[in-house]
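Trainee: Take a look at the following structure, please.
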Amino acid sequence: MSRGAIQPSQQKLAEKLTILNDRGIGMLTRVYNIKKACGDPKAKPSYLVDKNLESAVKFIVRKFPAVETRNNSQQLAQLQKEKSEILKNLALYYFTFVDVMEFKDHVCELLNTIDACQVFFDITVNFDLTKNYLDLVVTYTNLMMLLSRIEERKAIIGLYNYAHEMTHGASDREYPRLGQMIVDYENPLKKMMEEFVPHGKSLSDALISLQMVYPRRNLSADQWRNAQLLSLISAPSTMLNPAQSDTMPCEYLSLDAMEKWIVFGFILCHAVLNTDAAALSLWKLALQSSTCLCLFRDEVFHIHKACEDLFVNIRGYNKRINDIRESKEQALSHAGSMHRERRKFLRSALKELATVLADQPGLLGPKALFVFMALSFARDEIIWLLRHADNIQKKSTDDFIDKHIAELIFYMEELRAHVRKYGPVMQRYYVHWSSVKQVEDGDVFDFRGMRLDWFRLQAYTSVSKASLGLVDHKELGKMMNTIIFHTKMVDSLVEMLVETSDLSIFCFYSRAFEKMFQQCLELPSQSRHSICFPLLCTHFMSCTHELCPEERHHIGDRSLSLCNMFLDEMAKQARNLITDICTEQCTLSDQGEPEREKPGVESMRKNRLLVTNLDKLHTALSELCFSINYVPNMVVWEHTFTPREYLTSHLEIRFTKSIVGMTMYNQATQEIAKPSELLTSVRAYMTVLQSIENYVTIDITRVFNNVLLQQTQHLDSHGEPTITSLYTNWYLETLLRQVSNGHIAYFPAMKAFVNLPTENELTFNAEEYSDISVAELKKLVVDNVEVLTQMRTSFDKPEHMAALFKKLSSVDSVLKRMTIIGVILSFRSLAQEALRDVAMNVYELSSAAGLPCEIDPALVVALSSQKSENISPEEEYKIACLLMVFVAVSMPTLASNVMSQYSPAIEGHCNNIHCLAKAVNQIAAALFTIHKGSIEDRLKEFLALASSSLLKIGQETDKMTTRNRESVYLLLDMIVQESPFLTMDLLESCFPYVLLRNAYHAVYKQSISANT
């Protein structure tokens, strides 16, 4: 198209710039992903690393872009075999490069059109047109530079084309131009410097229009401070006045974007640097501010070396080379400290702004410009630090390590939250000509069409010979720019937040991101801002593009994993602090025990400035909990995260481990903490945990319920032992074994187990008697079944009974086993007494709650499981009956045991035979419940046999046999007192009460004489 045929008003410059800029970002995204894939051995196309194709790939690259298939069949033989797979798998890569070429064609065509239309550019007047033009130039430049960094580009394009030729007999129709483009842009900037010679006038005009905007944005922190930048309270009288300027959109324009425009733009139209002082001033200022610029994401461009390499071969550019070197020295020596001071200023400025707006959200309307300026300024400084810290070019790294960066990010997030929360307030302020009711009703405003129309009008009025030239009506442009800003405050607040404060670039600096987070947690004064890191993960999806949908899952997964990791680490840190506080609190609780320091000593302070370890821990915890409690939840890639739940989960796990740890159980030495000590420690721990509710809105009662209820089971939800299992095992394996060994006795009067002198050691093996095993008792009954059957019906024949008794075997074993069972049941009843405050009606629930039951359901279950499969129910019932007979007729033998003496002081016998009362009653009740027999009848039978047997020893003359006869008599009274089925009247009918009275008199008299 000839220049004379162009009709400027028909070129749709606004639409083309909009579409090409969006497409350019999409192409950058696709090319970036290809570069990263080729740089990753795991993701690289297999054909590039296949040893069988190595020679073919080298041949193709060496000959590129020429295609020679006829005389090289040997080298390309393997390629022939895999041609179809190569076409299939490399198509996405190949056609991405084709799309880059087509994008380049469209950009070049549009740039030529703009030159032909002699478009007027001024960032302060036709902002949208100038910005989009400069964005397109930089996007195009960055794309070609990124393309040249893909080392495998020739191999990929060549492999695909050879496979295409082998399959279809001809090269792909795009290949000749594509191959030539790859060769031409080996050194992209050098090629583009030549290419942009015709565009120099338009580009330089657009860049020079920044001469008022860029220097004003690139000021030092001191200059900002002196101007009281971003302060709402510096001039209280103007607080309600709207913040505005003639160049509204330029006020929050990204400094990073302007530096890219200036550096890349003046490289492409470098001639103007020699002729225009304003251009040279802008260029040098940009070179002094940074050592590297962002090409795309984490791909950077090292400014000074690249510029020097480009200009060194151009005649007459010695001055420019000197300018570059001087600017580099300036950047290396001063840029780091300048940006550090800016971040320091912005921390205080954003904190003030966020605090004032939190108190007076109505100011968001008139001071909206301040908010977006603050966000843009802070974002620029954070991105600068992130980029330069990853590409340090000087020995000293102090300027690139900022332990307070989290604070700046946090205040950004706070401002973003204010804008999202009070969006309707801002809408209501700016909708002067529309009904406020529309805002209150949530009506959707959409001024995108109006903004596009203004963009079109800018294009129409900025071309040469326009009927209305914007160059002559700059006030119109400035007014419209202000109006456009106001419309964005109504319908595009979210887009404005993305434009000014998007930090999705952290997604591509994962290592630096994690390091900043760790530094934040390690510094107590910064831990309150740690929530900003998981909040930044909500930004990540904004960097995706519809032209590269395949990366959405990758970036989404990264955002989820990082957010999860950050929240988990924060919860762990809080958990560790809480654990340390609990340890300190448990130590203080121990100091309140007898024979320790006097209470209150730990609270005495000589000086307010003295800070204890507990003070430091509480301060650190409150700071971190502020962060955890900052937001109730956050949405990352359609997943909702609740920070408090992370803390709750970690507290449950740690509380569980701590409770078990407090038992101090040592399996080797069989040592365990006293239950009272454990209770004291648990209460101290729970007191600390309850105080967490002062810092974080969590239900700590839920934590207690989940953890403590699990501790009542044998194993917790993770399959780990609980305090129930540890204490149960200890009592059974250690305490009760010592009881069975005669080292410990159960004292009913004290309701406690008490140590005995060790010389009274029993002679039986404790391992055989330390469980409620009625199966062994049944075996002993079976061994004596005939004798016991006869004794059951002969209790009124003393001589016959005496003869039959001599035939019984294992009499002592039966009594010892029953005694051990009684000891265990006595211990169990002690444990149940602690639960008697709970009232339930059902046996099982009543027993579990500690209420006494006539029939012990747990014992019934235990004995039911010991039924023998090869014995009939009738025979089982008979054995149960004979077991009671066996115990009854064996009781007289206890009188000969020296340890069977009754002690009034302990209300029991030293060898624990008083526990037979509980064993007889509960075993009988359980057995005859299982066999559906009459418990009362069987116990009456037992009482008759026992009475008859004990009355017999009253006639014995052997003192050794009857040494503790009176003490054994008392067992009958204990059995009746313990039983809900027997009465004293029934005992009186079997055993004269006068004998019991005399027995009590005798044992008390004997006890008094022994003590004197």
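Trainee: Would you work out which of Met373, Phe311, Val787 lies farthest towards the positive end of the dipole of the chain, given +1 charges on the beta-carbon of Lys and Arg and -1 on that of Asp and Glu, about the Cα centre?
Mentor: Phe311
Trainee: Restricting attention to the stretch 279-371, which trypsin sites (Lys or Arg not before Pro) occupy a DSSP loop and are surrounded by at most 14 other Cβ atoms within 10 Å? Write out the running numbers ahead of the final one.
Mentor: On the way: sites: Lys284, Arg297, Lys305, Arg315, Lys319, Arg320, Arg325, Lys328, Arg340, Arg342, Arg343, Lys344, Arg347, Lys351, Lys367; in loops: Arg297, Arg315, Lys367.
Here the trypsin sites (Lys or Arg not before Pro) that fit, given the DSSP loop and packing criteria, are Arg315.
Trainee: Something else about it: On full extension of the chain, what length is gained from Thr669 through Lys616, given 0.36 nm per residue of separation minus the C-alpha to C-alpha distance? Mind dumping the intermediate values first?
Mentor: Numbers: separation 53, 0.36 × 53 = 19.08 nm, distance 3.73 nm.
Fully extending the segment from Thr669 to Lys616 adds 15.4 nm.
Trainee: Something else: Starting from 0.36 nm per residue, how many nanometres of slack lie between Glu68 and His334 once their C-alpha separation is accounted for?
Mentor: Full extension of this stretch gives 90.2 nm more.
Trainee: How far is helix 935-953 tilted off the main Cα axis of the chain, in degrees rounded to 10, range 0 to 90?
Mentor: In the chain, helix 935-953 runs at an angle near 50 degrees to the longest axis.
Trainee: What ranking do Leu287, Leu53 get, fewest neighbouring Cβ atoms within 10 angstrom at the top?
Mentor: Going from sparsest to densest Cβ surroundings: Leu53, Leu287.
Trainee: As a check on your grasp of the helix formula, calculate [θ] at 222 nm for the chain: sum -39500 (n - 2.57) over DSSP H runs of n ≥ 4, divide by the residue count, round to the nearest 500.
Mentor: That calculation yields -19500 deg cm²/dmol at 222 nm.
Trainee: Taking every pair of alpha-carbon atoms in the stretch 181-227, what share in percent sits in each 10 Å bin, from 0 to the bin with the longest distance?
Mentor: Pair shares across the bins are 21, 28, 24, 18, 9, 1.
Trainee: Of Ser337, Val263, Ala775, which is farthest on the positive side of the dipole of the chain, counting Cα position, with +1 on Lys and Arg Cβ, -1 on Asp and Glu Cβ, and the Cα centre as origin?
Mentor: Ranked along the dipole, the leading option is Val263.
Trainee: At Asp40 and Gln75, where each label point lies 7 Å from the Cα along Cα→Cβ, what is the point-to-point distance in nanometres?
Mentor: 3.2 nm
Trainee: Restricting to DSSP loop positions (anything but H, G, I, E, B) with no more than 13 other Cβ atoms inside 10 Å of their own Cβ, which trypsin sites (Lys or Arg not before Pro) remain in the stretch 457-554? Before the final figure, lay out the partial values.
Mentor: On the way: sites: Lys465, Lys474, Lys478, Lys488, Arg511, Lys515, Arg528, Arg552; in loops: Lys465.
Within the stretch 457-554, the qualifying trypsin sites (Lys or Arg not before Pro) (loop, at most 13 other Cβ atoms within 10 Å) are Lys465.
Trainee: What percentage of all Cα-Cα pairs in the stretch 772-1011 are separated by more than 26 Å?
Mentor: Counting every Cα pair in the stretch 772-1011, those more than 26 Å apart make up 38 percent.
Trainee: Net charge within 10 Å of Asn161 by Cβ-Cβ distance, Lys/Arg positive one each and Asp/Glu negative one each, not counting Asn161 itself?
Mentor: -3
Trainee: Which aspartates and glutamates have a Cα less than 13 Å from the Cα of Lys351, not counting those fewer than 8 places away in the same chain?
Mentor: Cα-Cα hits under 13 Å: Asp359, Glu407, Glu413, Glu414.
Trainee: Using 7 Å Cα-to-Cβ label points, what is the Phe445/Ser989 separation (nm, one decimal)?
Mentor: Between Phe445 and Ser989, the label points sit 9.9 nm apart.
Trainee: Once the Cβ-Cβ distance between Asp453 and Glu85 is put in as r, and R0 is 56 Å, what FRET efficiency do you end up with, to the nearest 0.05?
Mentor: So the FRET efficiency works out to roughly 0.65.
Trainee: Further, regarding this structure: So, in nm, how far is label Ser865 from label Asp472 when the simple model puts each one 7 Å beyond its Cα toward the Cβ?
Mentor: Reported label-point gap for Ser865 and Asp472 is 10.3 nm.
Trainee: About the Cα centre of the stretch 12-186, how large is the charge dipole given +1 on each Lys and Arg Cβ and -1 on each Asp and Glu Cβ? Please answer in debye to the nearest 20. Please report the intermediate quantities before stating the final value.
Mentor: Numbers: 23 positive and 23 negative charges, 141 e Å.
That gives the stretch 12-186 a dipole magnitude of about 680 debye.
Trainee: For a paramagnetic label modelled at 7 Å from the Cα of Met960 toward its Cβ, which residues of the stretch 884-899 fall within the zone defined by backbone nitrogen distances under 19 Å?
Mentor: Under cut-off, by backbone N: 892-899.
Trainee: Taking the Cα centre of the chain as origin and charging only Cβ (+1 Lys, Arg; -1 Asp, Glu), how large is the dipole, in debye to the nearest 20?
Mentor: Numbers: 106 positive and 120 negative charges, 527 e Å.
With Lys and Arg at +1 and Asp and Glu at -1, about 2540 debye.
Trainee: For the stretch 12-186, how big is the tail of P(r) above 26 Å, as a whole percent of Cα pairs?
Mentor: Details: 5714 of 15225 pairs.
Value for the stretch 12-186: 38 percent of Cα pairs lie more than 26 Å apart.
Trainee: Now, a different point. Which far-off residues, 5 or more places away or on another chain, put their amide H under 5 Å from the one on Tyr902, with H placed in the peptide plane?
Mentor: Ser967
Trainee: Can you tell which of Tyr969, Asn870, Leu736 lies farthest toward the positive end of the dipole of the chain, using +1 and -1 charges on the Cβ of basic and acidic side chains (Lys, Arg; Asp, Glu)?
Mentor: Value: Leu736.
Trainee: Which far-off residues, 5 or more places away or on another chain, put their amide H under 5 Å from the one on Val636, with H placed in the peptide plane?
Mentor: Phe641
Trainee: Loop only by DSSP, 13 or fewer other Cβ within 10 Å of the Cβ. Give me the GluC sites (Glu not before Pro) in the stretch 96-197 that pass, ordered by residue number. Display every interim value, and only then the final one.
Mentor: Working: sites: Glu102, Glu109, Glu151, Glu152, Glu165, Glu174, Glu186, Glu194, Glu195; in loops: Glu151, Glu152, Glu174, Glu186.
Here the GluC sites (Glu not before Pro) that fit, given the DSSP loop and packing criteria, are Glu151, Glu186.
Trainee: Above 18 Å lies some portion of the pair distances; for the stretch 509-571, what is it as a whole percent of all C-alpha pairs?
Mentor: Numbers: 732 of 1953 pairs.
Here the long-distance tail beyond 18 Å is 37 percent of all Cα pairs in the stretch 509-571.
Trainee: Still on this structure: Give me the extension gain from Val498 to Leu679: residue separation times 0.36 nm, minus the current Cα-Cα distance, reported in nm with one decimal.
Mentor: 59.7 nm
Trainee: Separate question: Quick one: Debye curve from the alpha-carbon atoms of the chain only, equal weights, vacuum; give me log10 I(q)/I(0) at q = 0.09 Å⁻¹ to two decimals.
Mentor: Taken in order of the listed q values, log10 I(q)/I(0) reads -1.03.
No lab work stands behind these numbers, since they all come straight from the coordinates. Computed from a prediction, not measured in an experiment: that's the story for all the values here. As a convention, Cβ positions derive from the backbone with ideal geometry for all residues, glycine included, and neighbour counts pool all protein chains shown.
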